[in-house]
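The values are calculated or read from the model by the stated rules, or taken from the named source; none is laboratory data. If you're wondering where the values come from, they're calculated on a predicted model, not measured in any experiment. Neighbour counts are summed over all protein chains in view; Cβ atoms, including those assigned to glycine, are modelled from backbone coordinates with ideal geometry.
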Amino acid sequence: MLAPVPPVLVTCGTLEKPNILTVAWTGILSTIPARTYISVRPERFSHALLCETGEFVLNLPTAELVRAVDFCGVKSGADTDKFAQMGLSTAPASAVGAPLLVQSPVNLECRIFETREMGSHTVFFADIVAVNAAKALLDASGRLDLERAGLLAYAHGAYFSLGEKLGTFGYSVRKKPAKRKHKR
């Protein structure tokens, strides 16, 4: 019932034998060290790949990837080449053996440090060991501007593109600039 959530395309396996799945149960665990998690059902084809390699990449999808996000969440890599079916391409990651999704503007390379069975899902806890961002998302000072990406959200069975910006972190307590008096 906690929605919306970020649907991510998780790439796992190897560059030579990649797989991709959609996960909506993910998030940040801490910033120092940078840690994340994904929750995956044991019967999913990717579960064994994650256990075997101990690595994955979180690929943040844009609105243009919504069809691929849905497809990769309902089809199994055991009998479907989801990359070919959706016209997706991979590239080598910088720090892990799992591939990056080229069409994703932001990729978080992750190395699993712990797994825990949690009822219907296994939670894979991972260190974020590298972050890749498209140059088009960097502002003049080199800071990441995710508003430019057109990322997706998922809520109660539907996909949404992120919309109007309503504020920024801390805006509710920020002091307003003093009004200047004009000299005549």
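So, E147, is that one modelled with pLDDT under 95 and assigned to a loop (DSSP other than H, G, I, E, B) or not? Here the answer is no, as E147 does not meet what is asked.
Of the candidates R143, R148, the single residue that is within 17 Å of the chain's Cα centre (by Cα) and over 20 Å from G13 (Cα atoms) is R148. Looking only at residues in the stretch 114-140 that are in contact (Cβ under 8 Å) with a residue 12 or more places away in the chain and either in a loop (DSSP other than H, G, I, E, B) or of a type in the set (S, T, N, Q) (or both), the one that is nearest to T31 (Cα to Cα) is N132. Kindly indicate whether any position in the stretch 45-68 is of a type in the set (D, E, K, R) and more than 22 Å from V129 (Cβ to Cβ). So far as the stretch 45-68 goes, yes, one or more of its residues are of a type in the set (D, E, K, R) and more than 22 Å from V129 (Cβ to Cβ).
Among the residues of the stretch 61-69, are any in contact with a strand residue (DSSP E or B) (Cβ under 7 Å, 6 or more places away or on another chain), part of a strand (DSSP E or B) and not hydrophobic (A, V, I, L, M, F, W, C)? The answer is yes, given that some residue of the stretch 61-69 is in contact with a strand residue (DSSP E or B) (Cβ under 7 Å, 6 or more places away or on another chain), part of a strand (DSSP E or B) and not hydrophobic (A, V, I, L, M, F, W, C).
For the stretch 161-177, the tally of residues that are farther than 16 Å from V106 by Cα and either among the acidic types (D, E) or surrounded by 14 or more Cβ atoms within 10 Å (Cβ to Cβ) (or both) stands at 1. Contact annotation: residue pairs with Cβ atoms under 7 Å, 6 or more positions apart or on different chains, pairing a residue in the stretch 76-90 that is under 13 Å from K17 (Cα atoms) and touching a residue at least 24 places away in the same chain (Cβ under 8 Å) with a partner that is of a type in the set (S, T, Y) and in a helix (DSSP H, G or I), are G77/S46. From (1) part of a strand (DSSP E or B); (2) modelled with pLDDT under 95; (3) of a type in the set (A, V, I, L, M), pick out the condition that doesn't hold for A178. Only one criterion is unmet by A178, namely (1). Restricted to the stretch 6-31, and to residues there that are exposed (fewer than 15 other Cβ atoms within 10 Å of the Cβ) and β-branched (V, I, T), the residue that is nearest to T62 (Cα to Cα) is I28. Of all the criteria given as (1) in contact (Cβ under 8 Å) with a residue 40 or more places away in the chain; (2) assigned to a loop (DSSP other than H, G, I, E, B); (3) in contact with a Phe, Trp or Tyr (Cβ under 9 Å, 6 or more places away or on another chain), the one not satisfied by S104 is (3). Close contacts from the stretch 32-53, counting a first residue that is surrounded by fewer than 16 Cβ atoms within 10 Å (Cβ to Cβ) and a second that is at pLDDT 95 or above and of a type in the set (S, T, Y), with Cβ to Cβ under 8 Å and a gap of 6+ residues or different chains, come to R41/S120; R41/T122; P42/T122; C51/T115. Summed over the stretch 63-75, residues that are surrounded by fewer than 19 Cβ atoms within 10 Å (Cβ to Cβ) and over 17 Å from H156 (Cβ atoms) total 5.
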